[in-house]
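Asks: One structure is given below, represented as structure tokens, and several questions about it will come after.
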Amino acid sequence: MQVKPFTYNANPAHILFGPGSRSALAQEVRRLGCRRALVLSTPGQRASAEHLLRELGKLGAGVFTEAAMHTPVSVTEQALMVFAGINADCVIAVGGGSAIGLGKAIAYRNGAPQIAIPTTYAGSEVTPILGQTEHGLKTTLRQDSILPNMVIYDSELTLQLPVAVTVSSGLNAMAHAVEALYARDRNPITSLMALEGLRSLKAALPAIVHQPRNVDARNNALYGAWLCGTVLGTVGMALHHKLCHTLGGSFGLPHAETHAILLPHTASYNSEAAADVLAPAADVFGGNLALGLQDFARSLGAPTALKTLGLAKSDLKRAASLAVQNPYWNPRPLDADALLALLERAWDGSRPQ
Ligand code: NAD
């Protein structure tokens, strides 16, 4: 093997990993020099947020449980008013990318220290990236201060995550790893992390489908999610993330499911141009990465056709042309006709080509 020159940037967040690790939360709030935490969640995770608030005792100042997908600025403004009204000095986000996005949006505006307690596999907790929506437009910011100061990965909090969400979210994490393997700014460490992330999720997701409350499998899935999220936050993403961003931002498709459906098709699009760097991942999936990923998704009961998410076939042309509008790097050059054919296969649930 020939090690080529590279630049290595690590995400500096402090990580606490393991079942039950949330018991250190109060100690971590104090370590950050804080005394009044605002706990954030989506409406569905209110009980978890309130439970954490009680466990925090005097260090818990309140909860705000209106976090929503794609971080609407109007929700952030409400949360900032609550933060100021209760004299909070830090935020704790519990849940998926929606809750964690709100924590980042608050910290971006008022500099509050953030603790993230992820309970999906989306990976936002270890990235310095914030996507926000206002007046129907999604914009993305990247800044060091957006990265949560610390992350607690406690698999006990993920035992209730519905199997369907688990599967889509796990495949969403795997998409970060696949794109990290061929990222232009990859380095040997991100490639190790990406491959280990893929292997962990490949083993953990079937075990969770079989036994959703299996703490060991949940723990291995969170480990994979951490690795995949870390590479998402460290190296550049390409075609796959751009297409998902387009379908989510312009057509309102759900985040994790869109990633889950498109991944085999985008992996196939890049399979020849990035054959050497994708080879170890192909080995994990039986030799052919794209087909192996789709078989894997099917075996888990994941959605495999965009039409099931409510996308009209007549929208595919516009989606393909939007995806090539702002040129960005991809191992294989982008071609609107080839992308349309890719989207048609993904819409239909056909095999990747
Ligand atoms: P999400 O946060 O909306 O969660 C999905 C669903 O799972 C929600 O209904 C939530 O209530 C439920 N849920 C979460 N934890 C649960 C638990 N333990 N038990 C039961 N239900 C639970 O979705 P997501 O896929 O985690 O995140 C998507 C959002 O995150 C999008 O807005 C996306 O843009 C953003 N995101 C950002 C980054 C980044 O780096 N900035 C990375 C990934 C995702």
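Asks: Can you give me the number of residues within the stretch 101-128 that are aromatic (Phe, Trp, Tyr) and either out of contact with any Cys (no Cβ under 9 Å at 6 or more places or on another chain) or farther than 24 Å from Leu201 by Cβ (or both)?
Replies: First, pick out the residues of the stretch 101-128 that are aromatic (Phe, Trp, Tyr): 108, 121.
From what is left, the residues that are either out of contact with any Cys (no Cβ under 9 Å at 6 or more places or on another chain) or farther than 24 Å from Leu201 by Cβ (or both) are 108.
Selection size over the stretch 101-128: 1.
Asks: In this structure, does Thr120 turn out to be of a type in the set (Ser, Thr, Tyr) and either open to solvent by less than 20 Å² (accessible area, probe 1.4 Å) or more than 10 Å from the ligand (Cβ to nearest atom) (or both)?
Replies: Answer is no for this residue.
Asks: Name the residue that is nearest to the ligand (Cβ to nearest atom), counting only residues in the stretch 250-296 that are open to solvent by 20 Å² or more (accessible area, probe 1.4 Å) and at pLDDT below 95.
Replies: The extreme case among them is His255.
Asks: Considering only residues that are under 30 Å from Ala217 (Cβ atoms) and either more than 22 Å from the chain's Cα centre (by Cα) or of a type in the set (Ser, Thr, Tyr) (or both), which ones fall in the stretch 72-124?
Replies: Ser98, Thr119, Thr120, Tyr121, Ser124
Asks: Yes or no: the stretch 205-223 includes at least one residue that is within 15 Å of the ligand (Cβ to nearest atom), in contact with an Asp or Glu (Cβ under 9 Å, 6 or more places away or on another chain) and hydrophobic (A, V, I, L, M, F, W, C).
Replies: Yes, because at least one residue in the stretch 205-223 is within 15 Å of the ligand (Cβ to nearest atom), in contact with an Asp or Glu (Cβ under 9 Å, 6 or more places away or on another chain) and hydrophobic (A, V, I, L, M, F, W, C).
Asks: Need pairs with beta-carbon distance below 6 Å; first residue open to solvent by less than 10 Å² (accessible area, probe 1.4 Å) and within the stretch 222-239, second β-branched (Val, Ile, Thr); sequence gap 6+ or separate chains.
Replies: Here the result reads Gly229/Val126; Val231/Thr190; Gly233/Val126; Gly233/Thr127; Val235/Thr190; Leu239/Thr266, each pair linking the stretch 222-239 to a residue that is β-branched (Val, Ile, Thr).
Asks: All but one of (1) assigned to a helix (DSSP H, G or I); (2) touching a helix residue (DSSP H, G or I) at 6+ places or on another chain (Cβ under 7 Å); (3) without any contact (Cβ under 8 Å) to a residue 12 or more places away in the chain hold for Leu293; which doesn't?
Replies: Leu293 satisfies all of (1) assigned to a helix (DSSP H, G or I); (2) touching a helix residue (DSSP H, G or I) at 6+ places or on another chain (Cβ under 7 Å); (3) without any contact (Cβ under 8 Å) to a residue 12 or more places away in the chain except (3).
Asks: Tell me whether the stretch 327-338 contains one or more residues that are at pLDDT 95 or above, among the basic types (Lys, Arg) and open to solvent by 70 Å² or more (accessible area, probe 1.4 Å).
Replies: Yes - at least one qualifying residue is present in the stretch 327-338.
Asks: Restricting the search to the stretch 123-160, which residues are surrounded by fewer than 21 Cβ atoms within 10 Å (Cβ to Cβ) and part of a loop (DSSP other than H, G, I, E, B)?
Replies: Pro128, His135, Gly136, Gln143, Asn149, Leu159, Gln160
Asks: If you don't mind, another one. Only residues that are near the ligand (Cβ under 10 Å from one of its atoms) and over 18 Å from His135 (Cβ atoms): list them for the stretch 97-109, please.
Replies: Passing the criteria: Gly97, Ser98, Ala99, Ile100, Leu102, Lys104.
Asks: Could you tell me whether any residue of the stretch 298-305 is of a type outside the set (Val, Ile, Thr), more than 16 Å from the ligand (Cβ to nearest atom) and without any contact (Cβ under 8 Å) to a residue 40 or more places away in the chain?
Replies: Yes, because at least one residue in the stretch 298-305 is of a type outside the set (Val, Ile, Thr), more than 16 Å from the ligand (Cβ to nearest atom) and without any contact (Cβ under 8 Å) to a residue 40 or more places away in the chain.
Asks: Oh, and also: Do we have any residue at all in the stretch 175-186 that's assigned to a loop (DSSP other than H, G, I, E, B), over 24 Å from Leu16 (Cα atoms), among the hydroxyl-bearing types (Ser, Thr, Tyr) and more than 10 Å from the ligand (Cβ to nearest atom)?
Replies: Filtering the stretch 175-186 down to residues assigned to a loop (DSSP other than H, G, I, E, B) leaves 182-186.
Right, trim to over 24 Å from Leu16 (Cα atoms) and you get 182-186.
The next check asks that each one be among the hydroxyl-bearing types (Ser, Thr, Tyr); those that pass are 182.
Filter again for more than 10 Å from the ligand (Cβ to nearest atom), leaving 182.
Yes, the stretch 175-186 contains at least one residue that is assigned to a loop (DSSP other than H, G, I, E, B), over 24 Å from Leu16 (Cα atoms), among the hydroxyl-bearing types (Ser, Thr, Tyr) and more than 10 Å from the ligand (Cβ to nearest atom).
Asks: Within the stretch 13-46, how many residues are part of a strand (DSSP E or B) and either open to solvent by less than 70 Å² (accessible area, probe 1.4 Å) or at pLDDT below 95 (or both)? Spell out the reasoning first.
Replies: First, pick out the residues of the stretch 13-46 that are part of a strand (DSSP E or B): 14-17, 37-40.
Checking which are either open to solvent by less than 70 Å² (accessible area, probe 1.4 Å) or at pLDDT below 95 (or both) leaves us with 14-16, 37-40.
Residues in the stretch 13-46 being part of a strand (DSSP E or B) and either open to solvent by less than 70 Å² (accessible area, probe 1.4 Å) or at pLDDT below 95 (or both): 7 in total.
Asks: If I filter the stretch 79-96 for residues that are within 13 Å of the ligand (Cβ to nearest atom), in the same structural domain as Gly18 (by TED's automatic domain parsing) and open to solvent by 10 Å² or more (accessible area, probe 1.4 Å), do I get at least one hit? It would help to see each step written out before you state the result.
Replies: Residues of the stretch 79-96 within 13 Å of the ligand (Cβ to nearest atom): 93-96.
Next, only the ones that are in the same structural domain as Gly18 (by TED's automatic domain parsing) stay: 93-96.
Those left that are additionally open to solvent by 10 Å² or more (accessible area, probe 1.4 Å): 96.
Checked the stretch 79-96: at least one residue is within 13 Å of the ligand (Cβ to nearest atom), in the same structural domain as Gly18 (by TED's automatic domain parsing) and open to solvent by 10 Å² or more (accessible area, probe 1.4 Å).
Asks: What residue, of Ala61, Ala49, Ala67, is in a helix (DSSP H, G or I) and not assigned by TED's automatic domain parsing to the domain that holds Leu247?
Replies: Values: Ala61 fails: in a helix (DSSP H, G or I); Ala67 fails: in a helix (DSSP H, G or I).
Just a single option satisfies the conditions, and that option is Ala49.
Asks: Which residues, counting only those in the stretch 62-72, are of a type outside the set (D, E, K, R) and within 13 Å of the ligand (Cβ to nearest atom)?
Replies: Thr65, Ala67, Ala68, Met69, His70, Thr71, Pro72
The values are calculated or read from the model by the stated rules, or taken from the named source; none is laboratory data. What you see is a predicted model, and the numbers here were worked out from it, not measured in a lab. So basically every Cβ, Gly included, is an ideal-geometry build from the backbone, and we count neighbours across all protein chains shown. Note: areas computed on protein heavy atoms with side chains; ligands, DNA, RNA excluded. Shrake-Rupley method; radii C 1.70, N 1.55, O 1.52, S 1.80 Å.
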